[in-house]
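The values are calculated or read from the model by the stated rules, or taken from the named source; none is laboratory data. All values reported here derive from a predicted model rather than from experimental measurement. Please note: Cβ atoms are built from the backbone with ideal geometry, for glycine as well, and neighbour counts cover all protein chains shown. The area values use the complete protein model at the heavy-atom level, side chains included, leaving out ligands, DNA and RNA. Shrake-Rupley method; radii C 1.70, N 1.55, O 1.52, S 1.80 Å.
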Amino acid sequence: MTSAPTAPEGGTGGPTAAWELLLPAASAPARSRGRALQAALREAVRAGRLAPGTRLPSSRDLASDLGVSRGLVTEAYEQLTAEGYLRSGRGAGTWVGDVVRAARPRARDLAPRSPGARVDFVAGTPDLSLFPRSAWAAAQRGVLTELPHEGLGYPDPRGLPRLRTALAELLGRRRGVVADPERIVVVSGVAQASALLGAVLHARGTRAVGVEDPGSPQHGALYASAGVATVPLPLDEEGLSPGPLRASGVRAVVTTPAHQFPTGIAYSARRRAELLDWARSVDGLILEDDYDGDFRYDRAPVGALQGLDAEHVAYTGSVSKSLAPGLRLGWLLVPEWLADEVVERKRTTDLGHPSLDQAVFARFLERGDYDRQLRLCQRVYRERRDALVAALDEHVPGARVSGIAAGLHAIATLPGRYGPPDGFLARVADAGVAVRSLAEYGHAEGGDGADGAVRLVLGYAHLPPARIAEGVRLMARAARPGAR
C-alpha cells in the first residue's frame, strides 16, 4: 500500500490518508463513480481536510488503493486541476492548490429571538401556539388535490384572482375598506408593502415621508432602503398633530389610526377628518398600517381610514398577528393612480408571491376558517389583557393602563416612586423580566421619560395569564424602591 499524501516541508502536517477520504466515492455505482470521486476530492479540499500544498498520491497508486481504474483518477485530477483545486507539473506530481480559502459552510439562524428572560413582555409577538395547524393542513391537502398543473406557474404579480377576491370580501366586511380586487396586491407582509410604496414614491420624486413619533422603529430602515427619509411627527391624545404635519412639508405619511403603535390610542373622528383634509390639500398619500385592527375588545373595531377616501389612502395589513409572521402573507390596497407602478415594482422584485401559499390562504378564507381564527384570537387576547390589568392592580398599586382595549400590547404608567426609568429598567432586567419603555419607540430626541415617569410597553398576547401574573409580580418586587 502507498503512503498517505504528505505535506511539503514546513507544511501543516500529514492529513488523513486520501483513500480513507475517498472510499465512499469508490463504492458508488459505476456510472456515477467518476462524479462521486471528483465531488469527494473537491469537498476534502474545501473543508481543509486536504490542506494547500499537500501532495497527492500518483494516479496509479490511488487507483490501486481505491480499487478503481487509473483513468477514473486521472480524469478526476485533470478536472479539479482545471477548476483550480489542484495543481500539477510534468514529472512533479499533483498537489492541492492554494487558491481555495472556503471553510466548511455553516448555516446561522438570524431569526429574531426572545432575550431568554424568565418572562418576556416585549411587544409584537402573537401566541404562535394558536396557529390552526389542523385547519391549515386540511386547506393544503384540498389545494394540492384541486390545483390544476398550470396553477404552479408564475402567478399574476398582484396575487391569485381567487385570493384577491376573497380578501376584498373579508376586508370590506370586517374593516370597511373600499376593496377592489384589481387594486389588491398580495405581499410578504407589511414590510414588503412599505418597501414597494417607498420605491414607487421615490421614483416619483418623493424624498421624505412622515412617521408617527413614537412609532414603529422599522419604518426608518424600510423607507431608507428605498432612498426615502423619515420625518418624525408628534402625536397628541387624538392622533397625529395637524400643525406639525402641515409644517413638515411632507406629502406622504405613515399612520396606524385604528390602534396607534405603541401609544394604543385610536385616532378620533375629528383627527381622521383632519388627516384626510391634509392629504387632499397637498395631493398627498396616507399609508395606513392596519396591523392589529381586528382586535378591539370593548366594542366593534373602528373602520379603516381607507374606506373614507380610497384615492388618498394606501392600506396594508397581514396575517402576522392573527396566524403567524412566518407565513409572510399580507396585502396592499393602492389608489388607482399608483396601482400600475406598484404592480410593476412587485413583478420585478419577486415575480409574485408563492402560488401554493396563496391558494391555501384563499381556501382558508373561503371556508370561514380565518373568521374562526380571528374569533379565537380575540377571545384569548382579551382574556390576557384583562389578566395584565388585574395583575398590575394587585402588584403595582397606582399603575395606570392607557390606550384603548385593543391589540396585543398595553401602555402602563407606573407611579413616580418607581422611577427614574433607567434605574427601574435595570433592576427589572436583573430580575429576569424583559420589558421596554415607551421612550425606546421614539424617533426624535428627548421624548418619554423627561418627567421621570416610568411608561412601559407591555406585550401580553404571547403569554398565558399565569405567566403574565408571574412577570408583573417579579417586576414589582424587583422595582420596589430600595430593592437590590
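Here are the numbers for this structure:
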{"read-out": "Qualifying residue in region 47-67 (condition: surrounded by fewer than 15 Cβ atoms within 10 Å (Cβ to Cβ) and within 39 Å of the chain's Cα centre (by Cα))", "value": "yes"}
{"read-out": "Residue check, A469 in a helix (DSSP H, G or I), under 28 Å from Y297 (Cβ atoms), modelled with pLDDT of 90 or more and under 25 Å from the mean Cα position of the chain (by Cα)", "value": "no"}
{"read-out": "Single residue of region 18-34 satisfying the filter (more than 12 Å from V68 (Cα to Cα) and modelled with pLDDT under 85) that is most open to solvent (accessible area, probe 1.4 Å)", "value": "E20"}
{"read-out": "Residue tally, condition over 30 Å from G264 (Cα atoms) and outside any helix (DSSP H, G or I), over region 100-149", "value": "12"}
{"read-out": "Residue list for region 136-164, restricted to those being surrounded by 15 or more Cβ atoms within 10 Å (Cβ to Cβ), more than 25 Å from R183 (Cα to Cα) and either more than 26 Å from the chain's Cα centre (by Cα) or at pLDDT below 95 (or both)", "value": "G142"}
{"read-out": "Pairs where the first residue, in region 342-362, is among the aromatic types (F, W, Y) and the second is modelled with pLDDT of 95 or more and open to solvent by less than 70 Å² (accessible area, probe 1.4 Å), C-beta under 7 Å, 6+ apart", "value": "F361/L163; F361/L329"}
{"read-out": "Residue within region 76-96 that is of a type in the set (F, W, Y), without any contact (Cβ under 8 Å) to a residue 40 or more places away in the chain and open to solvent by less than 80 Å² (accessible area, probe 1.4 Å) present", "value": "yes"}
{"read-out": "Residues (touching a residue at least 40 places away in the same chain (Cβ under 8 Å) and open to solvent by less than 60 Å² (accessible area, probe 1.4 Å)) located in region 217-233", "value": "G220, T230, P232"}
{"read-out": "Filter pass, V360 being surrounded by 22 or more Cβ atoms within 10 Å (Cβ to Cβ) and in a helix (DSSP H, G or I)", "value": "yes"}
{"read-out": "Residue, nearest to P464 (Cα to Cα), within region 387-413, restricted to residues that are under 27 Å from the mean Cα position of the chain (by Cα) and not in a strand (DSSP E or B)", "value": "L388"}
{"read-out": "Test set (1) open to solvent by less than 20 Å² (accessible area, probe 1.4 Å); (2) under 20 Å from V334 (Cβ atoms); (3) not in a helix (DSSP H, G or I) - V178 fails condition number", "value": "(1)"}
{"read-out": "Unique match (being modelled with pLDDT of 95 or more, in a loop (DSSP other than H, G, I, E, B) and β-branched (V, I, T)) among V231, V250, V254", "value": "V250"}
{"read-out": "Among residues of region 319-335, those that are open to solvent by 20 Å² or more (accessible area, probe 1.4 Å) and either under 15 Å from T255 (Cα atoms) or in contact with a strand residue (DSSP E or B) (Cβ under 9 Å, 6 or more places away or on another chain) (or both), counted", "value": "3"}
{"read-out": "Region 258-292 - residue that is touching a Lys or Arg at 6+ places or on another chain (Cβ under 6 Å) and open to solvent by less than 10 Å² (accessible area, probe 1.4 Å) and, of those, farthest from G243 (Cα to Cα)", "value": "D292"}
{"read-out": "Residue list for region 299-324, restricted to those being assigned to a strand (DSSP E or B) and either within 28 Å of P132 (Cβ to Cβ) or at pLDDT below 95 (or both)", "value": "Y315, T316, G317, S318"}
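For (1) surrounded by fewer than 22 Cβ atoms within 10 Å (Cβ to Cβ); (2) under 27 Å from V143 (Cβ atoms); (3) of a type outside the set (A, V, I, L, M), each residue gets a yes or a no:
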| position | (1), (2), (3) |
| --- | --- |
| G368 | yes, yes, yes |
| L376 | yes, yes, no |
| V380 | yes, no, no |
| V396 | yes, no, no |
| L408 | no, no, no |
